[in-house]
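So the structure is just underneath, and the comments pick up after that.
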Amino acid sequence: MAVCVAVIAKENYPLYIRSTPTENELKFHYMVHTSLDVVDEKVSAMGKALVDQRELYLGLLYPTEDYKVYGYVTNSKVKFVMVVDSSNTALRDNEIRSMFRKLHNSYTDVMCNPFYNPGDRIQSSGNLGISLSCRAFDTMVTSMMIQVC
Amino acid sequence: MAQCVQSVQELIPDSFVPCVAALCSEEAERLTRLNHLSFAELLKPFSRLTSEVHMRDPNNQLHIIKNLKIAVSNIVTQPPQSGAIRKLLNDVVSGSQPAEGLVANVITAGDYDLNISATTPWFESYRETFLQSMPASDHEFLNHYLACMLVASSSEAEPVEQFSKLSQEQHRIQHNNECSYPKWFIPNTLKYYVLLHDVSAGDEQRAESIYEEMKQKYGTQGCYLLKINSRASNRASDEQIPDPWSQYLQKSSIQNQESYEDGPCIVTSNKNSDSNLLSLDGLDNEVKDGLPNNFRVHPLQLDQTSDSSNSIDGPDHVKSASLHETKKGNTGIIHGACLTLTDHDRIRQFIQEFTFRGLLPHIEKTIRQLNDQLISRKGLSRSLFSATKKWFSGSKVPEKSINELKNTSGLLYPPEAPELQIRKMADLCFLVQHYDLAYSCYHTAKKDFLNDQAMLYAAGALEMAAVSAFLQPGAPRPYPAHYMDTAIQTYRDICKNMVLAERCVLLSAEILKSQSKYSEAAALLIRLTSENTWKGMDSDLRSALLLEQAAHCFINMKAPMVRKYAFHMILAGHRFSKAGQKKHALRCYCQAMQVYKGKGWSLAEDHINFTIGRQSYTLRQLDNAVSAFRHILINESKQSAAQQGAFLREYLYVYKNVSQLSPDGPLPQLPLPYINSSATRVFFGHDRRPADGEKQAATHVSLDQEYDSESSQQWRELEEQVVAVVNKGIIPSNFYPTQYCLNSYSDNSRFPFAVVEEPITVEVAFRNPLKVPLLLTDLSLLWKFQPKDFSGKDNEEVKQLVTGEPEMIGAEVISEFLINSEELKVARLKLFPHHVGELHILGVVYNLGTVQGQVDGIGALPGCHTGKYSLSLSVRGKQDLEIQGPRLNNTKEEKTSIKYGPDRRLDPIITEEMPLLEVFFIHFPTGLLCGEIRKAYVEFVNVSKCPLTGLKVVSKRPEFFTFGGNTAVLTPLSPSASENCSAYKTVVTDSTSVCTALISSASSVDFGIGIGSQPEVIPVPLPDTVLLPGASVQLPMWLRGPDEEGVHEINFLFYYESVKKQPKIRHRILRHTAVICTSRSLNVRATVCRSNSLEDEEGRGSNMLVFVDVENTNTSEAGVKEFHIVQVSSSSKHWKLQKSVNLSENKDAKLASREKGKFCFKAIKCEEKEVATQSSEKYTFADIIFGNEQIISSASPCADFFYRSLSSELKKPQTQLSVHTEKQSIEDAVRLIQKCSEVDLNIVILWKAYVVEDSKQLILEGQHHVILRTIGQEAFSYPQKQELPEMELLKFFRPENTTVSSRPSIEQLSNLIKTSLHYPESFNHPFHQKSLCLVPVTLLLSNCSTADVDVIVDLRHKTTSPEALEIHGSFTWLGQTQYKLQLKSQEIHSLQLKACFVHTGVYNLGTPRVFAKLSDQVTVFETSQQNSMPALIIITNV
């Protein structure tokens, strides 16, 4: 179960960021922001190796004392970052991978909404056309944060 | 890690130098004290050797030592206290701040451009001090004293005695068991005897002789005569002598222990007293008191706790106090005042001599000794060791990993243990820069220690092995980083010795950095920071520094990791602030801010800004604090309400401090609430008065009205109309529509005019972006005023700007204005100009505050609008109102660039007094029947101090109302008197004259119609044309319900002028919008046709029949019972109704709901002479009455409305003839022909309706107009809507531009000639007598046109319809069968015909065909035929 899920735009600003213990929100923001450096590093390292058919899943970005930070980057350089409690040993690489895939699909659904303006934050308080798919995304993230996949 | 001044290769040797103790006699100390220096301090600047030194290693190889440095320090008998060290480190760090004008490097990484200071001098000084202050420990010998200088003065009584005393003292210190400190390298310490000689005071001879004595006693190698103080201290120093001590003494070194002799207790006591004793500037306490403590603690923000705890205050104060002290010490005193340059050289010489002759030979000797010992013991111990190991473990001795070692502390060797000898030798070799040998020794020692599980010793050996491996010239082996890692881990985890671990990290990180292994260095640095508590709190400072270095490592990587840099900077800043290093903390946060700024990470950004704000505040950088706090509040904050509230309070608090600092300064610009300046509206004039009883004030303009572009356009047009009328049809070029309310849609390019003594209301749109309510108090406008005299002498006197005098401009102050969370709210602020001039409204000024009692409240308290708010904190400040004008887009230049026009909404010009009109409506109805006439009253009041004149009213619907014509004065003037009177002017008539019309006439001039081309502009008939100040006039006003059903908004624009001509404002206006709801009443349609006049009637040939159909279309929901047609009047220039035909039974002409009545009237032409005398504008009114009261239709209001409807009818577009006729003549002809079918008869139907309303019967009156223009065509009282086809068929061809027939229609032509047959209706003829019956028939031909007409009468039967022939049988016309005639204008010609019948029967005599053509036209329109009605004749046989 994820503690924090973030979607970061190509230009490295947050499109969506949510964490479960809301009182520690700032900490997760910092954590996610800092992890972008590692994402960049990994992407640039990977870019040389495999230009086509590269793996979107970046794996563990870095561990901290209490958390593990995983990364995933789409072909359009949108990054997904997930922070997982490191005490949760049930989560293997494969589970994380599938969670990211789910997240990616959900994100694609939001992008497919014709009312979505690329680059906007994913927030259900927006206009009516987009709020529905944003809410769907939100529920999906909630489910990822609650259930142990 | 930031760049350092020293390279690693310099740094490490300098960190580990041979230590020499100095033991001075009191007298010697006194001598050096003359220079304000201790002996050790005296030597310090000269302690580095300038020349290379040679030394032989145990293998007798020559070894060169470069840049050797020795450290001489006074003997201290106690180990340095950790508190003192901590304080020292703190001082060093806080004393070293980045230089002001330091040019920072710009690092570009990705899309980040960061300004980063490349060097971190505070870190370097920290490191230097840290390494120097390392307490000597038992497991290593690097900072153990190698030698001891015994210093005595030549001025002493018994110098030699003194030397032996000192020697004994040294021995006591070293070998007495009580003194475990300082540490000595080897038991047999080198003693070096120094005789200090004061050149200026002492006896040189004596000194020389003592020196000789010493030489004999201690040997030439072991003693030295140092001559100093060549200059008397009291002598003025003419000679500028460099002060080499300053740079060393500023950082007060640990060796300089005098002040800390009993250091720890002083320091600690200081700390305790400081924390509660002084608050240096009262600042910290104030922060604590002023700020509410019930913040929720921010996750990363532990500053609050540390701020309020003493731990921060303590070191801070100590720091400042000691800084103060050192400053005092440094400023006044010149070090080395008694020393000349020769003395400097002497000291240098002395050090050199000491090193060459004393120290190095001693070291050389010691190394040799140790080496020998080792070699002799090696075989035995090694073999024993390995043997036992082999026996017990049965395997080779591996380097066991630390984790396996069970023993945590390891064993401790006695000081002279043989295991330590190799370490000693290694250390000595290291000190003299023999790294090869040192490495192998360390390596061996490491193995031994590990075997013995002596972990501390092993870690030390590992550390130094790694360092010496790195420092080996030529680098034969790579740097063993894992040695370092193991050492650090051991120090930290097993030995719990963080100081050593830290040293290890500092060295290793520096080495890694030099090898560009930044990420490893960063990892190393960060690893040491994870501990939060280690022996108290000074881990904060260390962590901060290390984190900062780690951050620098990240940014210096090949692919710079900007975000990691930023994050670690924040962590460093956090630790700095915990350590009380506020400036450094602020600097760190500021650096990190560069990365987070404007990248959408608002939460982080807010946090940083908040911290920057607080830190700046505590550092008294109030401007920075303000701007940082401002940032948090201005950006659309995503923080919770409580957090926002906290931010806001903090911000206000800081602001308050700023303003208290400079109470006379300009008011600060406040960032909150937001002002939507383009939504600012300005209104000139008084507020609208509410309705007063039945008086209803004119709606005029107010701020409550929404802007509607359509209606404002209408008003503008109305004003243009009235101005055009006033200026004789031309709108003056400088005319601009009057604008009372300026908003973003109005034209604001000109300076608006405001009238003196009339208020100016400015509506400011505030928005509160926060989730906490904002309370503005004492809100008022800020303005600038330039008094001016417009009446002349404009530029003669220079008027200064006035900005705050209530005599000039009075300003209304809103005492409290609450804006709830995330609310949009407008404030209306008033100014009262009392003087003529130019006013500029600059902005708003207010106290910004929060509402107390809402600390944790989310949202606003309901109902807290009432009552006083207790203002917890407020700041007086202002916000400017700057409105950007519209974008210019006219010229090419403006189109290509982005330019904005001026917006002068807020810069009104105050002009002289103008009259001010107020209009009230009395008995003004809201609902009317269509066509209903109602009488109301209008009251005009002049509320100003100037008389007004030229009052006019203009409306798009002039047919709706009238003030009555010239005759109106006769009606009762007061509204109360006219309560139950009819709106009409009536005359009682006797019923005898019922059927005939009563004639009167009136000219349209009397009713104000026909003057000019603007019927919409109606002058108001003021009694004296002038309304004096304070005077009021009531005038009657008749209203007529519009003919269309529905709700009507009718705009009235009252125009008036001042009696005195004003140059600026020529006129003023007042607007009123009346809303009238009309319901259906009657529908009237009428036709007119020519009638054949009977013989006995006058006016032959010009008779007409008028048919009027009246239908009650009222759907009776309003309680209308029935309509009575009271009177039908005609009004025309040429025609009049003569009498009513067919009016036998329906006497009172009642019409119930949906009932239809038909009336028929005969109309005749007015008498010729009458027509001739009348002016063309004179109308003849003829009334036909159905009751016993005649309504005088030629008087007000009936005639008024008639004329109005007439003129509005005229305005409507006429059916236009096509312009493109071939010939002008044809057009003329057509017109001629048309003209003869035209008629100008207007019918006015006057009615009464009986209405039951609230069980009371009311009589409503009204009138409908029908305008008859064409004979035979039906006309309606109410313009029929032409229903457009819902969808037109698409046409794919261009419709052929068929010339709309310029020919007149048949119908029109048939009206050219009027024919009538006169014959006996029945004719008896004795057919038996005479078989042919001849009947005389007269054919009357009358020319209806004004032109000559050729007429052909053809009597031949048509042959086209054979059936007709058979049925009717036939008769024949006798005589001429065709006549050609010419009829002059209006001529009537009778033609005698004879018809011949052969049978009895009924015959149609209407067979003559009449062809007419205009005589001056050649061939056109020849085929005009008159299809007359059948003219039947009965032929009977007698």
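If you go through segment A:28-45 one residue at a time, how many are more than 7 Å from chain B (Cβ to nearest Cβ) and closer than 16 Å to A:LEU60 by Cβ?
Total meeting the criteria: 9.
Select, from B:GLN714, B:GLN721, B:GLN739, the only residue that is more than 28 Å from B:LEU670 (Cα to Cα) and without any contact (Cβ under 8 Å) to a residue 60 or more places away in the chain.
That would be B:GLN739, the only listed residue that is more than 28 Å from B:LEU670 (Cα to Cα) and without any contact (Cβ under 8 Å) to a residue 60 or more places away in the chain.
Is it the case that some residue within segment A:58-80 is modelled with pLDDT of 85 or more and within 17 Å of A:THR142 (Cα to Cα)?
yes
Among the numbered conditions (1) assigned to a loop (DSSP other than H, G, I, E, B); (2) of a type outside the set (Lys, Arg); (3) within 14 Å of chain B (Cβ to nearest Cβ); (4) surrounded by 15 or more Cβ atoms within 10 Å (Cβ to Cβ), tell me where A:GLU11 comes up short.
Unmet condition: (4).
What do you reckon, is B:TYR651 away from chain A (no Cβ under 14 Å) and out of contact with any Gly (no Cβ under 9 Å at 6 or more places or on another chain)?
Working: away from chain A (no Cβ under 14 Å): yes; out of contact with any Gly (no Cβ under 9 Å at 6 or more places or on another chain): no.
So B:TYR651 fails the test.
Among the residues of segment B:449-472, count how many are in a loop (DSSP other than H, G, I, E, B) and either charged (D, E, K, R) or over 18 Å from B:LEU428 (Cβ atoms) (or both).
3
Looking at segment B:122-141, can you tell me whether even one residue there is in a strand (DSSP E or B), away from chain A (no Cβ under 14 Å), surrounded by fewer than 23 Cβ atoms within 10 Å (Cβ to Cβ) and aliphatic (A, V, I, L, M)? Quick ask: steps written out before the conclusion?
Here is the first cut: in segment B:122-141, the ones in a strand (DSSP E or B) are none.
There is no residue in segment B:122-141 that is in a strand (DSSP E or B), away from chain A (no Cβ under 14 Å), surrounded by fewer than 23 Cβ atoms within 10 Å (Cβ to Cβ) and aliphatic (A, V, I, L, M).
When you go through (1) part of a helix (DSSP H, G or I); (2) touching a residue at least 24 places away in the same chain (Cβ under 8 Å) one by one for B:GLN639, which number turns out not to apply?
Going through the list (1) part of a helix (DSSP H, G or I); (2) touching a residue at least 24 places away in the same chain (Cβ under 8 Å), B:GLN639 breaks only (1).
Output the qualifying pairs, or none if there are none: Cβ atoms under 6 angstrom, residues six or more apart or on different chains, first residue in segment B:597-611 and at the interface with another protein chain (Cβ under 7 Å from one of its Cβ atoms), second residue part of a helix (DSSP H, G or I) and among the aliphatic types (A, V, I, L, M).
B:LEU603/A:LEU26; B:HIS607/A:LEU26
Go through the residues of segment B:557-565 one by one and say whether even a single one is surrounded by fewer than 24 Cβ atoms within 10 Å (Cβ to Cβ) and part of a helix (DSSP H, G or I). I'd like the intermediate steps shown before the answer.
So in segment B:557-565, the residues surrounded by fewer than 24 Cβ atoms within 10 Å (Cβ to Cβ) come out as B:557-560.
Narrowing the set further to residues that are part of a helix (DSSP H, G or I) leaves none.
Within segment B:557-565, not a single residue is surrounded by fewer than 24 Cβ atoms within 10 Å (Cβ to Cβ) and part of a helix (DSSP H, G or I).
Considering only segment B:438-461, I want to know if a residue exists there that is of a type in the set (Phe, Trp, Tyr) and modelled with pLDDT under 80.
For segment B:438-461, residues of a type in the set (Phe, Trp, Tyr) and modelled with pLDDT under 80: absent.
Out of all the residues in segment B:51-65, which are surrounded by 17 or more Cβ atoms within 10 Å (Cβ to Cβ) and in a strand (DSSP E or B)?
Selection gives B:VAL53, B:MET55, B:HIS63, B:ILE65.
Return yes or no: is A:PHE80 under 28 Å from A:LYS27 (Cβ atoms) and in a strand (DSSP E or B)? I'd like the intermediate steps shown before the answer.
Working: under 28 Å from A:LYS27 (Cβ atoms): yes; in a strand (DSSP E or B): yes.
Considered against the rule, which asks whether it is under 28 Å from A:LYS27 (Cβ atoms) and in a strand (DSSP E or B), A:PHE80 comes out as yes.
Specify which of the listed residues (B:LEU462, B:LEU507) is on the phi < 0 side of the Ramachandran plot and in contact (Cβ under 8 Å) with a residue 40 or more places away in the chain. Give the steps one after another, and end with the answer.
On the way: B:LEU462 fails: in contact (Cβ under 8 Å) with a residue 40 or more places away in the chain.
Only one candidate qualifies: B:LEU507.
Could you please let me know if A:GLU25 is facing chain B (nearest Cβ under 10 Å) and modelled with pLDDT of 80 or more?
no
Name the residue that is farthest from A:ASN75 (Cα to Cα), counting only residues in segment A:93-123 that are over 17 Å from the mean Cα position of the chain (by Cα) and not in a helix (DSSP H, G or I).
A:PHE115
Taking the condition of being touching a helix residue (DSSP H, G or I) at 6+ places or on another chain (Cβ under 8 Å) and surrounded by fewer than 17 Cβ atoms within 10 Å (Cβ to Cβ), how many residues in segment B:697-743 meet it?
Of the residues in that region, 5 qualify.
Mind listing just one residue for me: the one in segment B:616-634 that is farther than 17 Å from B:SER602 by Cβ and touching a residue at least 40 places away in the same chain (Cβ under 8 Å) and, of those, nearest to the chain's Cα centre (by Cα)?
Checked segment B:616-634; the qualifying residue nearest to the chain's Cα centre (by Cα) is B:VAL626.
Out of B:HIS607, B:HIS574, report the one residue that is at pLDDT 80 or above and either of a type in the set (Val, Ile, Thr) or within 18 Å of A:PRO14 (Cβ to Cβ) (or both).
B:HIS607
Hey, can you tell me all the residues within segment B:120-142 that are acidic (Asp, Glu) and more than 23 Å from B:PRO187 (Cα to Cα)?
Keep residues of segment B:120-142 that are acidic (Asp, Glu), which gives B:124, B:128, B:138, B:140.
Once the filter is applied, which keeps residues that are acidic (Asp, Glu) and more than 23 Å from B:PRO187 (Cα to Cα), segment B:120-142 yields B:GLU124, B:GLU128.
Please find, within segment B:483-513, the residue that is nearest to the chain's Cα centre (by Cα) out of those that are under 16 Å from B:GLU124 (Cα atoms) and of a type in the set (Val, Ile, Thr).
Among them, the one singled out is B:VAL505.
How many residues are surrounded by fewer than 24 Cβ atoms within 10 Å (Cβ to Cβ) and within 14 Å of chain A (Cβ to nearest Cβ) when one looks only at segment B:572-594?
3
The values are calculated or read from the model by the stated rules, or taken from the named source; none is laboratory data. A quick note: this is a predicted structure, and the numbers were derived from the prediction, not measured. Please note: Cβ atoms are built from the backbone with ideal geometry, for glycine as well, and neighbour counts cover all protein chains shown.
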